[in-house]
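This report concerns only the one structure given below.
Computed from the coordinates by the stated procedures, all read-outs in this text should not be read as laboratory data. These numbers were taken from a predicted model, which means no experiment stands behind them. As a convention, Cβ positions derive from the backbone with ideal geometry for all residues, glycine included, and neighbour counts pool all protein chains shown.
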Amino acid sequence: MMEHDAPPAEDAPAGAIASRGAESGAQSGATGLQPAAAEGARWLLRAAESGLAEAQFEYGRLLLRKDIGALAPTLSFSPKRAVFWLSKAAEQGQAEAAYELGQIYRNPAFSQQNAAMSTQWIATAARLGHAMAQYEYGAYLWRRRVSLGESADVDAANWLVRAKQRGVQEAADLLEKIVDPLPRIAPELTLARRTASRTAAQVNQFYALRLELAGIFGLRKGEALFVDPVRAVSENVLLVDVRGEVGKTRRRLFEIADDAHAALLRRMQIVFGAAPTLEGDPSGDLSGDYGRRHAQMDAFCKKLGIDDELFFSAKSENPASTEGDEPPPAAGKDTLTA
């Protein structure tokens with residue numbers, strides 16, 4: 001059952017009540033509704049009871065202050081009551097409240113500590129757009145990618161990209177360890193590729209797009225021959241996984257960080273997502289096993305006088321394993337308990 005402080009005698013709109021609560025007490029830090037007096041706390045509670053999400057969040061945060069008794073003698077430090085009000089705010093889409101709940105349920109000092117609830121609230125905050133929650137949830141998915149399923153690595157990378165775009169440096173640092181780097185391309189090579197791509201596109205757009213994709217992302221030949229661009233793109237991440245068709249390859253992720261790269265992939269999805277071409281159609285896509293596809297691409301490039309070394313990466317595989325759950329980073333506010 002809700003605990004109530006004595007409400008003011010008059011009725012007033014929730015927004016006005018919240019404003020009065022803020023004015024009644026001294027503000028602290030960057031939180032706009034954090035009162036420092038009993039009167040302010042009563043007005044804030046009234047606004048929270050009226051359904052104002054911001055007031056519910058601020059009142060919940062107020063109950064987490066260990067010095068609350070000195071500020072408002074009628075109140076006391078109460079994480080359980082804080083959870084009640086923060087949950088109310090989070091259910092109305094207040095991202096900060098959801099993130100705060102994730103921290104509370106993670107804290108071993110909280111009597112109702114619950115790792116699953118912590119993860120659930122961090123995930124909710126991430127979906128509501130909280131940048132640090134997006135980083136923490138992405139890091140969690142990456143650490144548990146094997147036990148959570150094969151798509152968890154792609155989901156993790158996408159959450160980290162979102163956090164990176166919001167300015168979270170920790171997300172950028174972790175993402176750099178997860179995705180493969182794009183090759184650095186010399187200006188003269190860029191020009192040669194552009195000329196070759198235009199020549200190829202005049203004859204077969206499927207082959208031309210595969211060559212262009214390989215050059216931009218540094219794909220090996222086997223990857224370029226088999227990658228399915230319709231299924232390989234997931235929001236901000238390109239997944240290249242041809243282990244079922246090509247030996248001695250690994251699952252690789254690339255960040256789609258450039259508008260031009262995103263445009264290329266959209267074009268590929270349109271072209272490759274259209275009705276399938278007949279096998280043997282000179283204007284169609286590659287077909288068959290690795291040997292046949294390799295021969296088809298070689299014959300195509302040779303006929304047009306294109307050196308395929310302009311596009312295909314010959315780098316050796318990275319020996320570092322990407323399998324298995326990893327231990328979490330050092331404990332801190334930016335980590336998530338599994």
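Computed from the C-beta positions of ASP259 and ARG198 and an R0 of 25 Å, the FRET efficiency is 0.80 to the nearest 0.05. Taking amide hydrogens as placed 1.01 Å from N in the peptide plane, the amide H of VAL227 sits under 5 Å from that of no residue at least 5 positions away in sequence or on another chain.
If we count every other residue with Cβ under 13 angstrom of TYR290's Cβ, Lys/Arg +1 and Asp/Glu -1, where does the sum land? Once positives and negatives cancel, what remains is +2. Within the shell of other residues whose beta carbon sits under 12 angstrom from the beta carbon of GLY129, the net charge comes to +2, with Lys and Arg scored +1 and Asp and Glu -1. Stretched out straight at 0.36 nm per residue, the stretch from LEU191 to GLN92 would grow longer than its current Cα-Cα span by 30.3 nm. In µm²/s, what is D for segment 187-310 at 25 °C and 0.890 mPa s, where D = kT/(6 pi eta Rh) by Stokes-Einstein and Rh is the Kirkwood radius from Cα pairs? It diffuses with D of about 165 µm²/s by this estimate. Considering all C-alpha pairs of segment 14-178, those separated by over 28 Å amount to 30%. Across segment 204-216, rounded Karplus estimates of 3J(HN,Hα) from the backbone phi angles (6.51 cos²θ - 1.76 cosθ + 1.60, θ = phi - 60°) give 8, 6, 5, 5, 4, 5, 5, 5, 5, 4, 4, x, 5 Hz, Gly and Pro being marked x. Coupling constants for segment 243-256 follow from the phi torsions by the Karplus curve (6.51 cos²θ - 1.76 cosθ + 1.60, θ = phi - 60°), and in residue order they are 4, x, 10, 10, x, 6, 10, 9, 6, 10, 10, 10, 7, 8 Hz; glycine and proline get x.
Expressed in nm to one decimal, what extension gain is obtained for the pair SER287 and VAL246 from 0.36 nm per residue of sequence separation less their Cα-Cα distance? Length gained, SER287 through VAL246: 13.4 nm. Normalised by the number of residues in segment 14-178, what is the relative contact order in percent for Cα pairs under 8 Å and 6+ residues apart? Over segment 14-178, the number comes to 12 percent. Summing charges over all other residues whose Cβ lies under 13 Å from the Cβ of LYS302, with Lys and Arg as +1 and Asp and Glu as -1, gives -3. Considering only the Cα atoms of segment 117-202, their convex hull presents on average a projected area of 8.2 nm².
Applying the Karplus relation 6.51 cos²θ - 1.76 cosθ + 1.60 with θ = phi - 60° to segment 114-125 yields 3J(HN,Hα) values of 8, 4, 5, 5, 4, 4, 4, 6, 5, 5, 4, 4 Hz, where x marks Gly and Pro.
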